[in-house]
Each structure stands twice: as C-alpha cells, then as structure tokens.
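Please read the structure below before turning to the comments.
The values are calculated or read from the model by the stated rules, or taken from the named source; none is laboratory data. The structure presented is a predicted model; accordingly, all values stated were derived computationally and were not measured. Glycine gets a Cβ as well: all are built from the backbone with ideal geometry, and neighbour counts include every protein chain shown. Areas reflect the complete protein model, heavy atoms only, side chains present, ligands, DNA and RNA absent. Shrake-Rupley method; radii C 1.70, N 1.55, O 1.52, S 1.80 Å.
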Amino acid sequence: MSGNRPYGVLAEFAAAKALMDAVIGARREAAFKAVEAYSPFPVEGLDELLERGRAGPAPWMLLGGLVAGLGTFALEYYSAVIDYPLDVGGRPAASWIMFVPPAAEMCLLGAAVCGVAAMLIGSGLPRLHHPLFGIAAFERASSDRFFLLLRADDVADMIRARRFLETLSPVSVSEVLQ
C-alpha cells in the first residue's frame, strides 16, 4: 500500500566513517529519535550509537515459561486431586513428583513459543514491503553504500531532517514516502 504520507529522509554515504559521523550528529546534535542505519557489513560501534532500548524476547520467554509450567501443574493437580481422584494402592492423590516432568516440558515449550513470537513481533516480521524498497539507490545497501534514515511523521519533520542531512555532505538525499 503506497501513498503520499511521509516516512522519512534517506541519506547515502560512501564510507562507514561518514555514516558513523552522521549517526552521532543525528543522535546528539539534532536530537532525532528514530534513526536507522543500513550498511553492507557490520560497522563496529554502530549498535552503541543507535541505542536500541528494547529488552528483547527474554522477559516474554520467562513469562511464557512460567505461565505454561504453572498452568500445566494446576491442570494436573485439578484433574488428579479435585475432579477425578483415584485411590491407587493407597498413594496420595496430590503426589507432586508425578506432576513435575510434564510441567517442566510445558515450561520449555511455552518459553520457546513466546520467544519466537516476541522475536517476530519485535523485529516487525513478517513485513513483505518496506518503503525503502521504492528508492532505487537503496539496492546498493547490500554491496558498497551506507544509508542513514531519519524517520519523520509529518512534512515539518521531513524538512528539518533533510536540512540536517544535507549539512553532512552525503552522496544523495531522498525523501521516502509510504
């Protein structure tokens, strides 16, 4: 779905050093919050400059594991003790030892499923189209060029971002529309 809504301003750089300087300037001097960088290879120190503040899937995995494990244990307890108690050889109905292995397995399964779901949601997948794919120069992001995208919600932000990026002497500056 393409329209005329602003998405951001994309600047193309020929060297990794120019990209790093642009990210530093965008983060500190111009105070742009939504900054994305694209490079054909990992650039040392770029992650720290982009300051990703997400915790990742770990808290969701913990929550999913606890819910699945405790839910399974509660289901086993309810079915064996409350709903349908059986007296087998005089053993107690609430023998927690037999409830632990299935609860542990479900704990692992719940953590794995929640981890995959959190990873997909956190990375924005599945995303079949990205507005940057409409920029012809962006094809070089996987071969020999470095790109900096400053996200903009309205026209005023796009003008401010374009003016800032043009001060950095990029190879080119393009407006990205959704």
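Assorted remarks:
- Only one entry in Ala22, Ala55, Ala68 is under 20 Å from Val116 (Cα atoms), more than 18 Å from the chain's Cα centre (by Cα) and not charged (D, E, K, R), namely Ala68.
- Candidates in the stretch 24-40 are the residues that are part of a loop (DSSP other than H, G, I, E, B) and within 22 Å of Gly124 (Cβ to Cβ); of these, the one that is modelled with the lowest pLDDT is Lys33.
- Residue within the stretch 94-112 that is free of Cβ contacts under 8 Å to residues at least 40 places away in the same chain, polar (S, T, N, Q) and closer than 30 Å to Gly8 by Cβ present: no
- Residue in the stretch 149-159 that is open to solvent by 90 Å² or more (accessible area, probe 1.4 Å), of a type in the set (A, V, I, L, M, F, W, C) and in contact (Cβ under 8 Å) with a residue 24 or more places away in the chain present: yes
- Out of Ala93, Ala136, Ala55, Ala104, one residue alone is modelled with pLDDT of 95 or more and of a type in the set (A, V, I, L, M). It is Ala104.
- Within the stretch 126-148, tally of residues that are among the polar types (S, T, N, Q) and either part of a loop (DSSP other than H, G, I, E, B) or surrounded by 17 or more Cβ atoms within 10 Å (Cβ to Cβ) (or both): 1
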